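Here is the structure we will look at, set down as structure tokens.
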Amino acid sequence: MKDMQAQSEKLRRDAAECAPIRDLATDPKKRELFARLAEHLEVLASAVEQAIADSGGTDVSPMPPKP
């Protein structure tokens, strides 16, 4: 579960790093890209946190790799 918490924290940090890039971008397409990226990373972090909560704090097995 510590791995999942670390991943959630990393996703939140990555989302936070997108905000200044978005704000400083002069190209509207880049600004939109980093805004969407930040939003998507926040959604992913929330999904990881929900998985932790749903597991009741126990270790959740990772998904098997796709063939």
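The values are calculated or read from the model by the stated rules, or taken from the named source; none is laboratory data. Just so it is clear, the structure is predicted and the values come from calculations on it, not from any experiment. Neighbour counts run over all protein chains shown; Cβ positions are idealised from the backbone, glycine included.
Residues are listed down the side, and each one gets a yes or a no for (1) at pLDDT 95 or above; (2) in contact with a helix residue (DSSP H, G or I) (Cβ under 8 Å, 6 or more places away or on another chain); (3) exposed (fewer than 15 other Cβ atoms within 10 Å of the Cβ):
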| position | (1), (2), (3) |
| --- | --- |
| Ala6 | no, no, yes |
| Arg13 | yes, no, yes |
| Lys29 | yes, no, yes |
| Ala35 | yes, yes, no |
| Leu41 | yes, yes, no |
| Ala51 | no, yes, yes |
| Lys66 | no, no, yes |
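Working only within the range 1-45, note down all residues that are under 21 Å from Gly56 (Cα atoms) and either of a type in the set (Phe, Trp, Tyr) or not in a helix (DSSP H, G or I) (or both). Of everything in the range 1-45, just one residue is under 21 Å from Gly56 (Cα atoms) and either of a type in the set (Phe, Trp, Tyr) or not in a helix (DSSP H, G or I) (or both), namely Met1. Does any residue in the range 1-25 that is within 14 Å of Ala35 (Cα to Cα) come within less than 7 Å, Cβ to Cβ, of a residue that is loosely packed, with under 15 Cβ neighbours inside 10 Å and among the hydroxyl-bearing types (Ser, Thr, Tyr) six or more places away or on a different chain, and which pairs are these? No pair meets every condition.
For the criterion of being loosely packed, with under 14 Cβ neighbours inside 10 Å, under 9 Å from the mean Cα position of the chain (by Cα) and of a type in the set (Ser, Thr, Tyr), Ser46 passes.
The set of residues from the range 23-48 being closer than 27 Å to Met4 by Cα and of a type in the set (D, E, K, R) comprises Arg36, Glu39, Glu42.
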